[in-house]
1. Inspect all residues belonging to the stretch 1067-1074 and state whether any of them is surrounded by 17 or more Cβ atoms within 10 Å (Cβ to Cβ), of a type outside the set (Lys, Arg), outside the structural domain of VAL1003 (by TED's automatic domain parsing) and in contact with a Phe, Trp or Tyr (Cβ under 8 Å, 6 or more places away or on another chain).
2. Can ALA485 be described as in contact with an Asp or Glu (Cβ under 7 Å, 6 or more places away or on another chain), assigned to a helix (DSSP H, G or I) and within 24 Å of PHE553 (Cβ to Cβ)?
3. So, in the stretch 226-277, exactly how many residues are part of a helix (DSSP H, G or I), charged (D, E, K, R) and at pLDDT 95 or above?
4. Is there a residue being surrounded by fewer than 19 Cβ atoms within 10 Å (Cβ to Cβ), among the hydrophobic types (A, V, I, L, M, F, W, C) and free of Cβ contacts under 8 Å to residues at least 24 places away in the same chain anywhere in the stretch 119-127?
5. Go through the stretch 811-855 and report how many residues are touching an Asp or Glu at 6+ places or on another chain (Cβ under 7 Å) and not charged (D, E, K, R).
6. Which residue out of TYR430, TYR455 is touching a residue at least 60 places away in the same chain (Cβ under 8 Å), within 20 Å of PHE498 (Cβ to Cβ) and not basic (Lys, Arg)?
7. Go through (1) touching a Lys or Arg at 6+ places or on another chain (Cβ under 7 Å); (2) surrounded by fewer than 24 Cβ atoms within 10 Å (Cβ to Cβ); (3) modelled with pLDDT of 95 or more and name the single condition ALA973 misses.
8. Taking the criterion of being buried (at least 24 other Cβ atoms within 10 Å of the Cβ) and either among the basic types (Lys, Arg) or free of Cβ contacts under 8 Å to residues at least 60 places away in the same chain (or both), would at least one residue in the stretch 276-292 satisfy it?
Amino acid sequence: MGKILRINLTTSTITEEFPDEGTLRKYLGGSGLATKILFDETEPGIDPLGPENKLIFMTGPLTGTTSPSTGRYSVVTKAPLTNGWGHANSAGFWGRDFKRSGFDGVIFEGKASKPVYLLTQDGKAELLDASEIWGKNTSEATRILREKHGDKFNVACIGIAGENLVKYAAIMNDCDEENWGRAAGRCGVGAVMGSKNLKAIASMGTMIIPIAEPEAYRDEAKQRFDWVNQSILKMTLEVYGTATMVDLVNVKGGIPTRNWQTGVFENAEKINGTAINDSILVKRKPCFACPIHCGRIAEIKTGPFKSKGEGPEYETLSSFGTMCGVDNLEAITLAHFLCNEYGIDVISAGNTVGFAMECYQRGILKDEDVDGMDFSWGNAQLIVDIVHKIGRREGVGNLLAEGTKRMSEKLGQGSEKFAMHVKGLELPGYDSRAAKVTGLAYAVANRGGDHITAYIEGPAFLAMPFMIVEDADVGDPLEEIPETALVVKNFEDALGNFDAIGGCKFMGMVLTADDWAGLMSSLMGIDITADEFRKTGERIYNLERAYILREGFTGADDTLPARLLEDPLPEGPAEGQVVNLDVLLDAYYKYRGWDEQGRPTKEKLQELSLEWLIPTVHEDAAYVKEVTRHKVQPITAPVKKDVPQMKAQEVMGEEPWFNSYQIGPFKLEHSMAPYPEVNVYKFLEDTAREFPDVVACIYADEEMMYPELKDKVDRLASALVALGVKKGDAVATVLPSCPEFIIADYAAMKIGAIHVPLSILHKKDDLKYELNESNAEIVVCSYRRIERVNQIKSETKVKTVIYAPTKLFPDYEYPEMEDIEDDNYYLLNDLIEMHEPHTETVEINPKEDIALLPFTGGTTGQPKGTMLTHYNITSNVRQTMHWMMDPLKEGIIGKSAGVICVPIFHAYGHWALHACISWGIKMYLMDSRDIPKIVDVINRHRPFTVFAVPTHYMLFSKMDLIKGQIFYFSGAAALPVDLAEEFEEKSGVPMGEGYGATETSGVVTINISALSKVTGFMAETKRGVGIPVPETEIKIVDQDTGKELPIGERGEIWIRGPQIMKGYWPTPGSGLKEGGWLPMGDVVEMDSDGYFKVVDRIKDMINVSGNKVYSRVIDDILHEYEAIDIAGVIGIPDPERPGSERVKAFIQLKPEYRGKVSEQEIIDFLKDKVKPYAIPKWVEFRDELPLTVVMKLFKKKLREEELAKLS
């Protein structure tokens, strides 16, 4: 922040000022610095529309730089709508262009004798005659100025509403085409601009914004941009825009409907984000430096509302839509376009129309009062026609142009009680009776009924972490919890800074105070801590409070409309609720350090270096009023309409899970057919073509782009052909989760060969067995596995070994390799460099030809080769990742990242690999054992998704894992309930879970209920493996009799679908039952919503004298014990009862509990939780229990050990 213009419009003089460093450090810029200037330079009680008022445009220090979404500017003035502190904020590109024109802000004072506009360019500024553009709406004024000065100029201007002093007129910018524009919308800042005869500011420049540490700032800004770019926030807002809130708020009964008479809008699906995408969306539009692209360009091609422009936003859909009872999306959209053109705040406008509709409903407004217009609820044409009248102040529009508060004061007759404003500013589209904490935020907001001062609607209506505040948990939104007042206070302080630095508050969902403090430090060249960042926000908030106290507001004004305090919601999830504000307000004042009159105490002002405000706040009795809180009489209830209730449907039929095909507000397809009949290689081929600039994978801090990956695959494919590999031949790999595995995997599949992935942890006997079973003649391995391969090579059919100097855990260093003097040994990179890319098409039958031959773990006996076809693999990717993330795919494909923590030679990891490649997702390939590195990658890169197993999540819970908007997915083993809940508390986000097997290509069921829970579309998170994915048939079978059971009964689950294997090697159909059914070997049960829970593995079930003991049930209970790290039970043959077993528990205690827990304590813990016969006879403690390659407890090994003891 450096140069500020001061323009006296009365005298047409222009001067430059440079704020001192101390002031900038305290108030930063934007609304902070502007409010300090407004406070210092205006007298109490001035007329907001008089020449003595100041109109201050101010960018922030980050405005126009490369940090994510930092194109914003603030406008601060005394507000004509409220007679208090006026602040409006806008995005787009004007803030950047104004700053690049050489200035950080401009202070307008006085009044021009005739219409003028300001031109700024490369450090120069001049006032010019605006007669030509006065009387023009925003896009026309913008067009004229750009034609006159050049199309690179960006314009911020008022429309006719501002000229006509509509009390909630906006200042619009980026109105590059008709009906386009971003709005500095609230408080009537456009009316102040009009009162000064100031029409516009046109700016253009090429000046460089100074940055103290440019390299550090560039790196930090890019890092934060990347974090936002792959967040769940970005994916949701880019695809559906702010309109996604229609569903999220309506489902909780909190969308203001018919002027807040109810919180449920019966036709929400007609105006939500999906409706926009399906009917009117043309393209998405970003603001400067923003990866989200939440803006909409929409077009109505035919009919009475034919138009094209920018919008609509959620606030328009609620204000002109639900508040007015209008479900016509086209009419709402045109109303938004017209507000862009006239320069009108859509929130205040829609509220005012809704208020007028209720006055009309109640007979307070008569036909003659409204120019004969029909103000009935739901009148789509009215909301379009009335915008013209408001903007021009014609007829009844002149009344509505004054705002709800003044309208109610003029009309009287009890209308004051349902005038929905706070301090004169109309409320946003969230009913506080459905989220009580929002009521507190609106009541105490310094500019009035405002949703973005605290932006508490996020955690109130969407239980996801807001990173800017460490503890954003508001608890039950239907309760007045005093402690949540601290959350409101913390949000106000943190997010208030965004208005001061020039950032978008959506970024507060993804980036922390530390993240922003780091950016400010490198930008300004001074050390700013997160605590100082928050303290600056608190200082600015208290300065704003001092301003409204000076203007005559008191604690008595920290209240809500009578309707919210007195009238219970008549229906929906929040039926019967009102806001008990006092309990929240008292707590808030204490957390704020304010006295009972709502004034900052002297001590608080001194703490914030605002001691200069003490005389204003405390010693001028003229501005201190007694605070009284009183109840008002209930409003006569309007006639309740019959509105369909959103109640849980009774589940019927044999496939009840179809009713659960939903992720949050978004419906999922019941079918993903047709499934592609292609070579798996096509995933990579398509992605490399469509996303040439996307990183494919990062391993050991080295990255590879998708085109490079494809090139290496194609060259290795040529090399394999040259080595004699033909369609149907087996190519084995012994590789970790590294790029070389992917290259070998896709190269083999491309030429129709069969990839045989072998575990890098295999001992020589395992390697020999699986190589012999598969008939593999070529092995691709890491250099460090050559010795093991050589030990058994002569006992197999292996002729050729291809090796790579792969970095391996724990050192991730390239090994020192010795030359291998053998013509049948090849260095992988040499083969790739020697051969041109393979270009021939190998004809395959995707449904019949085997692509992959992984070996099952072998619960008992020898592992079996599982024949998976190309069709199996591609179908499973489509029916899982492509299905569950379909509503968000436009924000994911080619734009996101995933951390794969499981070995990609395992079925789960291999599925995750293909799922990522199919959508151009950047993959972080991790060694599953390197927990510190995995956590470091998650913290540093904050990916879209993480693929891991329950043991990972147990270990992550002990680490310093940052909260972030990350989708964590668990698979390969059962996820204990207590672990899921513990990790969700640690991470702040819901988890997903999947279930499947090697024989199913990866996945057959998915649990995505947590995402529906946090968005309000399910009452509780379901625990268990989830619902069957599309085209997956389910059969439940009695494991003793083999008879089919009703779908809801407990029994073994059988699966049939396109992902099911062709059979066990080498015989098609082996391992499958008649009709292609695959018995999964798991006992399951299903709830009424179609969600399955695995009770136990049949082979892990323990038979105690004829009684079935489900080992997984005991395992889960043991994990509830605080001291236990890993635990499980197995069955041991009972020597006294042939055919019977006894239960033995194996326990690994947390390090701090080792030696402090006895066998008897474990037994006592279980006594009142399980049947007597299920209590372990023995408990064995070990410092380290054996785990499988995917970090499951290795029960097979434990059984073998126990049987060896018995023999």
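1. No, that holds for no residue.
2. No.
3. The number of residues fulfilling the criteria is 2.
4. no
5. Qualifying residue count, the stretch 811-855: 5.
6. TYR430 is the lone residue from the list that is touching a residue at least 60 places away in the same chain (Cβ under 8 Å), within 20 Å of PHE498 (Cβ to Cβ) and not basic (Lys, Arg).
7. Looking at each condition in turn, ALA973 falls short on (3).
8. Looking through the stretch 276-292, none of the residues is buried (at least 24 other Cβ atoms within 10 Å of the Cβ) and either among the basic types (Lys, Arg) or free of Cβ contacts under 8 Å to residues at least 60 places away in the same chain (or both).
The values are calculated or read from the model by the stated rules, or taken from the named source; none is laboratory data. None of the values given here were measured: they were computed from a predicted structure. All Cβ positions, even for glycine, are placed from backbone atoms using ideal geometry, and neighbour counts span all protein chains on display.
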